[in-house]
Structure formats: structure tokens, C-alpha cells
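Enquirer: Below are the C-alpha cells for one structure; questions will follow.
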């Protein structure tokens, strides 16, 4: 990936600016005004989830266990794995301000009962000519569809498997810059590129610092995306997206007392997404349809390293290379079957192509190899009631049909009840 | 390694493809716009802009007139339209807050940013009625600035026409005189038509409406709002609320009005139990109307009421 010496200071500067923006804007607080053009909008999203595991299946899908929660101590339980019984869910405090008509500043803090995390903190320009816009700071990448949406915008309780296992528990979510351009055409056409630091704990861009290879300097992830939306009149609306990215460094390490082994390399991914909405024109969403689907494919090209402890330090040597191929998809549909009531179905597959890394043991010797593994599935059904606009109550049943690394398939059934309330100046929703 | 080469080849192909698409889009004629390219959120505003702009303006309306303008999606086609707009014409006061800010932000067009002359917010030009959303329990649908459904008031629309003519003149100084003249004429026609219609309606009419979206009829017709079908703004009618309306209004005369997109059941219940007539009416004129479309709509509203 080409990198100029300017990238780092520019990124750092933009990020600092972004982090400073909400603070500066807070000085011009104007709570309560409907005309929020110059003030700060505050919204609070509170969520509670009742979770009940009716039957226990495999914990994680084959081929994704290692990269997902390998060797990383998250230090907190903000990973949206639910306990049986009551859970805090995913709550957010969002601040949104405008700096004249030059910038929008956004700060979104995600929290549960024990942790607070800066989910997003960024500036977007509003005054660039020619249909351009630049976003800088920490943000959710605009690849795919669901990746840039916060949980309260989702139609199902949990993040789709393909997004969770390819990009991590928070999706592709990183510090960097994004540039987009909207074409001056009849059909909505958006092109965008992102440069991201690549500072990920999980998923395709995770990197373990125990590896003998020095960590490449950021930004380590580059993405590109395009979205298209033809005008289909008052009843129908559709948007198609294509996106992809290159990860300059990914890797994992495993230590087993006196020896260790690790993988380091690069990766790329590409995906397609589509969303269709039908508006019936009836009140309270009655008769509306909402269909969406996404597919992502990723490849990693990895070098294998073996380490042996020698006088208190690990001696590493390179031992061959591996290439992995994995993918996943989901399709979901939601229908407003009565005023304020919705029902939805989602089906997901992970690892339709699943040539994944597997730890092996042979002649007293640990090493990684690529093995073709089975496909895991998950099927979910939900019913949602929206008594008033900012509140929803959702009941969801999910069947996990995961295959494990040894090819054993086991099904688990989960029930979830989700209550989500948006308080304050709740911002407009994107398509 | 061979697949690294494949990757380089793929990357090159993609890069070439992307540049071709980019150039094609840049070179595409961005629609030879005749004069001012105006995007209006509702068809009432679109009708004013068309009347004032004449041949010197191209007007596109976002919200379908038979839909509730509170609840729309920030569609890709909206952003494509706003990307090319010289002017965004909105109602404001919270009517479009669920979708317009997202569409405006996603359009990457400075000309229509809040605070720019290309952003015309109608609610800023007039005095609003107090919204009943301030009275009830806070159900997340509070219009502190006032009732945004002033499209039902031709007198306020007349004020807006004048302000709009002036603003359009600032954006297109060559046509400023013509815009102003047409705006004044439109304002006069709105006031005269309102007066003519009001004179024909029998005095002291009482009406029940669904939402606060027809409250502004009180401003120009001899009517008084005596009840709402919704128990609180944004909440569908409940049986208990409808029964209490019936017991309050029993033995009196009146008319029930609701918007075409609102469920008719509550109105039908009142019609059965009170013997009042009920009418589903449009709230905005057809999407491609000019001022005549809006004047016809005023007639429709006025003629649902008993005439002298």
C-alpha cells in the first residue's frame, strides 16, 4: 500500500481536531430549540435485553473462532455476548453539533453497566465544493450496509454474523479519514474511500504485538465503496452498494510455554449489499416492506512463524506460508403487518467458502494449516412493537446452527426481548 | 506468489474501472437546468415555487402529497435531487426532522446548508400557532417551535409566497423583478380565495380532526376545533378516547375531517355515534401542481363544511 510520510501527522491532526470539536461546540449550547442549526443536539438511547438460552449449541462457528477472540483480553465485557436473564444491552449518548455550516461534529459514547467507550468521534465537512465531503476521526466504516449503523437502527437484536466475524464485535470501526463524492446525476451515486489506522482487536485487521514481525505503521487499512440509488417513485426505493478493502497487516500469535507459533500477512475483502424499501403510504408503517442483504468475501495471505524459547527469549523462524478464503452473507426482510407492529425473518450463512486457519499437532510439533471447514448458519425471527415513535419492544428467536472445527454440527436456540428507548433530540435516520 | 500477482491484476482492473466510472460521471451533462433548481419538501411549497418561478425555475417535490411528511425515509433519490439543487425549500418547525437533516447532510451540497441563502425554511417567515404537542405527555413528538402544519392556512402561505419571491430573487437577480411580481400576485390570489370561500361557509362550524394537521383552518374559516381523534399527537385513536369524545360531543352538530393517509376507523366510529359527517381530505395538492392546485385544495377543504 502506498504511504506518504505526511499521512501520520495529517491523521493525527485531523483526529485531534475532531476530538476537540465537541468540546468547542459545547460552549454554544442551546438546548431545546427546534432550530438546531447552531446548537448541540443531545440524545440518549437506552436499551435493556432479556436473554434466555433455550438450548445450547456450538459457541462459535468453524474457522472463525481463532481470529475472533484469540489471545485478546478485552478487559471488559462490551462484546454483546448476553448472560441468561437481564442485560444492559447497548446504550448510547450521542452529541451532535454544527460549527457554522463548515463542520458537523459527532460524539457517540456507547456504554453498559461497567464500561464507557468512544464509539464515534468525528467531524464531517459541509462546505466543500463539487459534491465532496471529508470525515475525520473515529467512525464506523461505510463499507456494506449494516457496518455503519448503530444497534438501535437494526431490525434484529444481534449484529449479522458476517459483519461480526469478518470485522469484529463493533464492525469495521476505526480512526482515520474518509472522502466521499456524490455525482451530480439523476441516479444517486456515491463514491468513497477511507484510510483507517487498522487498530482492531478482532476480525480481518487484528494484529498481535507478540509476533516477531514489527507492526507496520498506520494507516494499515484502505477501503473503497460505491453506492447507487435509482429513483423509483413514491412507493419503492432501493440502494445497491459495492465495497472492498485492503489490510496491510494482520496476524495472530499463540504461546504454549516453551514454544509459540504465529501468522502474519496481509488481507483483502470485497462485498455487495442491497436494500429495498416499500412504502405503502398507510399510517404507522402498516404494509411497509424492508428487505436487505449483504455478502462479504475475504482472503488472507499469511506467513507462518515458529518460536522456540531460548535463554528467556523467543527465537522465531519463518516456516512457510498460508492463504485463507472465507465469506458470509445474510438476507433479511421486515413487514409492517399492523399499525406499529413489524415482523421479520433473517437468514445467515458464514463460511460458504471456509478455507480457514486451523491449529494442528503432529509429531510433537504445533503448527497452523489451512483446512476447508463447514458452513455455519443462523436463522432468526422477530416481532417488534413501536408503541410511540422513540420506543420499541422486540421479541426475537434465533437458532444458531454452527458447525465446529471438527465438523460437528450442533444447534442452539436463543430467545431475546429487547426494549429500546430514544430520548432527547433524536436525529434523522439515514436510508 | 501467483495469487499476489492475481491480486495486483485485480487491483489494477478495479482502479481502471473506477476511473472510467468517475470520469463518465464527471463528464455527464448535469441536466441542463432551466434557471433555478428548487427542491421543495412538500407539494404546497412546490406549488408556490412553481407559481413564482414560472419558466425560470425547475421544481422537484420530495414528499408524496398523499403521505405523512413526518415519516419518510431519507431516500437516495432525495439526496441525488438535493445534490443538484440551488435551493431547498422546507416547512421546518420539526415537520421534516425525521428525514430531511439526513438527506441534507448526505447531499454534499453547500448551497442548501442551513444558514445559506439557498436554504429557505418557511417556519422562519411567519408566526406559528402553538402546538398541542406541548400540552400532552412528552411522547417524543414535541413541536416546541409551534404547529408546523401551516400549509392548511392560505393567509400564512401568502406571507411565505412574498418571502420566497424575495429569496428567489436574491439567488437569481436577473429575474428578481418577475419573481417578486408573481409572488405578490400569488399572495393576493391566496387571500382573495380564502375570503371568498370563508364567506360561503355557514357560521360557527365545529370540527373534530385527527391530528393537529388541520388546526390552521381556524385561522381563515369560521370553524372551531372541538376535538382530536388521536388521544395524544402521534398516538392512534383508542376506544376509550373515542368514547369520551362521543360523550363530550353528544347532541351537538359538527363535521369530522382527517387526512387521506390516516386510518378512517376513528372517524367512522364518531360518524356512527354522533351522526356527524366525516371526510377524508388531502393535506397537500398533487405533486406537480402550481398555485391553482392549492386553490382547488382550499375549495375541497371549505366545501366539506355546511355552506350558507
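Enquirer: Compute the long axis of helix A:7-26 from its Cα atoms, compare it with the longest principal axis of the Cα atoms of chain A, and write down the angle in degrees, 0 to 90, nearest 10.
Expert: 40 degrees
Enquirer: Looking at the protein assembly as shown, what % of the alpha carbon pairs are farther apart than 43 Å?
Expert: 34 percent
Enquirer: Where both residues lie in chain B, what percent of DSSP beta bridges are antiparallel, nearest 5? Each step should come with its number before you reach the end.
Expert: Details: 1 of 25 bridges.
Antiparallel bridges: around 5 percent, rounded to the nearest 5.
Enquirer: Right, next: Mind checking the mean number of beta-carbon atoms from other chains within 10 Å of the Cβ atoms in B:106-118?
Expert: On the way: counts 9, 5, 16, 9, 9, 1, 1, 7, 8, 6, 3, 0, 0.
Taking the mean over all residues of the peptide, I get 6.
Enquirer: Output needed for the range A:269-420: three equivalent-ellipsoid semi-axes, defined as square roots of 5 times the C-alpha gyration tensor eigenvalues, in descending order, whole Å. Could you put the intermediate results ahead of the total?
Expert: Working: eigenvalues 407, 56, 43 Å².
They are 45, 17, 15 Å, listed largest first.
Enquirer: Nearest 10 degrees is fine. How inclined is helix B:291-303 to the longest principal axis of chain B, computing both from alpha carbons?
Expert: 30 degrees
Enquirer: While we're on this one: If you count, for each residue, the other Cβ atoms within 10 Å and average over each peptide, how do A:234-246, A:399-411 line up from highest to lowest? Walk me through the numbers before you get to the answer.
Expert: Working: A:234-246: 19.3, A:399-411: 16.7.
My ranking of the peptides, most packed first, is A:234-246, A:399-411.
Enquirer: If eta is 0.890 mPa s and T is 25 °C, what Stokes-Einstein diffusion coefficient results for chain A, Kirkwood Rh from Cα pairs, in µm²/s? Intermediate results must be reported in sequence, preceding the final value.
Expert: Values: Rh = 23.2 Å.
Result for D is 106 µm²/s.
Enquirer: If you don't mind, another one. Among DSSP beta bridges lying fully in the range A:259-398, give the percent that are antiparallel, nearest 5.
Expert: Numbers: 76 of 76 bridges.
The antiparallel fraction comes to roughly 100 percent.
Enquirer: Roughly speaking, what % of Cα-Cα pairs in chain B are separated by over 27 Å, rounded to a whole number? Working shown, then result.
Expert: Values: 23054 of 47278 pairs.
Within chain B, distances greater than 27 Å cover 49 percent of Cα pairs.
Enquirer: Other chains near A:233-243: what is the mean number of their Cβ atoms within 10 Å of each residue's Cβ? Can you show the working numbers first?
Expert: Values: counts 2, 9, 2, 1, 7, 3, 3, 1, 0, 1, 0.
The mean count of partner-chain Cβ atoms within 10 Å per residue comes to 3.
Enquirer: Shifting gears a bit: Take the alpha-carbon positions of the range B:36-196, form their convex hull, and give its projected area averaged over all directions (one quarter of the hull surface) in nm². Walk me through the intermediate numbers first.
Expert: On the way: hull surface 38.3 nm².
Result: a mean projected hull area of 9.6 nm².
Enquirer: Go ahead and set up a Gaussian network model of chain B, Cα springs under 10 Å, then flag whichever of B:250, B:212, B:145 fluctuates most.
Expert: B:250
Enquirer: Right, something else. What average count of beta carbons from other chains do you get within 10 Å of the Cβ of residues in B:226-239?
Expert: Numbers: counts 0, 0, 0, 0, 0, 0, 1, 0, 4, 5, 5, 0, 0, 0.
Mean partner shielding for this stretch: 1.
Enquirer: Sort A:155, A:115 so that the residue with the fewest other Cβ atoms within 10 Å of its own Cβ comes first and the one with the most comes last.
Expert: On the way: A:155 19, A:115 13.
By the 10 Å Cβ count, ascending, the order reads A:115, A:155.
Enquirer: Something else now. Got a sec? How would B:157, B:180 order by Cβ neighbour count within 10 Å, fewest to most?
Expert: Working: B:157 27, B:180 16.
Ordered by Cβ neighbours within 10 Å, fewest first: B:180, B:157.
Enquirer: Another one. Please report, largest first and rounded to whole Å, the three semi-axes of the ellipsoid equivalent to the range B:201-303, where each semi-axis is the square root of five times an eigenvalue of the C-alpha gyration tensor.
Expert: Working: eigenvalues 116, 51, 24 Å².
That gives 24, 16, 11 Å for the three semi-axes.
Enquirer: Bin width 10 Å, alpha-carbon pairs only: give the P(r) of the range A:354-431 as whole percents, running from 0 to the bin holding the largest distance.
Expert: 14, 26, 21, 18, 15, 5, 1
Enquirer: Still on this structure, please answer the following. Please find the FRET efficiency linking residue B:303 to residue B:170, where r is the Cβ-Cβ separation and R0 is fixed at 45 Å, and quote it to the nearest 0.05.
Expert: Values: r = 38 Å, r/R0 = 0.85.
Once the sixth-power term is evaluated, E becomes 0.75.
Enquirer: To test your reading of the geometry: what angle, between 0 and 90 degrees and rounded to tens, separates the Cα axis of helix B:154-171 from the longest principal axis of chain B?
Expert: It works out to around 20 degrees.
Enquirer: Based on the mean of other beta carbon atoms within 10 Å per residue, what is the order of B:86-93, A:202-209, most packed first? Spell out each step's value before the answer.
Expert: Working: B:86-93: 24.5, A:202-209: 20.6.
Packing order, densest peptide first, comes out as B:86-93, A:202-209.
Enquirer: Let me ask something else about it. How long is the gain from residue A:187 to residue A:372 if the chain were fully straight, where each residue apart is worth 0.36 nm and the alpha carbon distance is subtracted?
Expert: Details: separation 185, 0.36 × 185 = 66.60 nm, distance 4.18 nm.
Computed gain between residue A:187 and residue A:372 is 62.4 nm.
All of the numbers you see were taken from the coordinates with simple rules; none came from a lab. Quick caveat, the model's predicted, so the values are computed rather than measured. Glycine gets a Cβ as well: all are built from the backbone with ideal geometry, and neighbour counts include every protein chain shown.
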